[in-house]
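Each value in this text was obtained by applying a stated rule to the coordinates, not by laboratory testing. Predicted model only: the values in this text are computed from it and were never measured. Please note: Cβ atoms are built from the backbone with ideal geometry, for glycine as well, and neighbour counts cover all protein chains shown.
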Amino acid sequence: MAMSDKTVVMGAEPGKRDLTVCPLCNVKMVQSPAASTYICPRCGFSKVICNTFEPGTVLGGKYRVLNRLGGGGCGDLFLCHPLDNTQERYVLKILRDASSPQMFKRFLREAEILRNIREPRIVKLLDSWSDADGSYIILEYVDGKNLSQLREKYQFDEKTVLLFLREAVLALAYAWDNLSIAHRDIKPDNIMLDKKGHIRILDFGLSKSTMDEFGSQITIEQAGLGTPGFMSPEQYCNFKYADFRSDIFSLGATVCYLFTGKAPFDGRSSRIVYENTLKNSPPSYQMLADYCSGDCIELIRWMMQKEPSRRPSSYRELLETIDSIRSNLMENNP
């Protein structure tokens, strides 16, 4: 479906009784021939109100919805299967609760970025389209649990954490070194361990490519986007300039979480978390001393320096250090 710059794709909005009132002119919008599309007769603003999909709903003439899996900042997730293979499982992501055309562009950008990625540790894009009822992405289904879910049940040792870290670095290195893509929302929830024991990176909804045609149009609305507690300091104030070194910072924060069971910086509000990030990064030795070796603490602190220029200058440099620490662990604790 072709959309103008004034088109917004929306789901139900908490606190708004009538979604068919134009948010710009406050006049009643007119329903278009596409049943779920409404257009303002005064300014031309249009809105697509997304369906709540019941099990059995067929989308795009190709996929049948099974059940809802959850949702993120910009999309609801559903389990589905292709009509020609009822045993196969995919993930359907649908744009919801957009408040501006920028959200629609960001959704399209995620699809375009994933379309170019050919790395087994990164979830695959299988299909994407837009129609009169919304915009959709079909993703590979990963059977497993994310690292946050696993940490609730298990205390990981240093060897295991470093193995997870190494696999995540290899995935992100591919994206950056080959496609100039930075993820910008690395956290335990977005790293999965599949049933075969492999790390998989999810959710490129906030990702950025230096070759991205949408980047200059949408980052002005993204200042501070990410997950407090795992965001780098620069993501709070210079989000559009956040590159692979921000992902390295977030990986360091994720490693802290895997050891301690909590984000390295906490607080009752995002503002307090931000202030704690600036004040306390990198994390103290005391926070990590009971969980890992001194070499590993130094690695985490290096990854989480406040200034990006003081972090590893490349993924290759980071991998070499990780491998050195792992080698020492194996020699001392075979």
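This ranking places Asp189, Asp84 by how few other beta-carbon atoms lie within 10 Å of each, fewest first, which gives Asp84, Asp189. Of the cross-linked pairs Lys187/Lys306; Lys196/Lys306; Lys208/Lys279, those separated by over 29 Å at the C-alpha level are Lys196/Lys306. With r as the distance between the Cβ atoms of Lys196 and Leu278 and R0 = 41 Å, compute the FRET efficiency 1/(1 + (r/R0)^6) and round to 0.05. With R0 = 41 Å, the Cβ-Cβ based efficiency is 0.55. Listed by Cβ neighbour count within 10 Å, with the fewest neighbours leading, Cys292, Cys40, Cys237 appear as Cys237, Cys40, Cys292.
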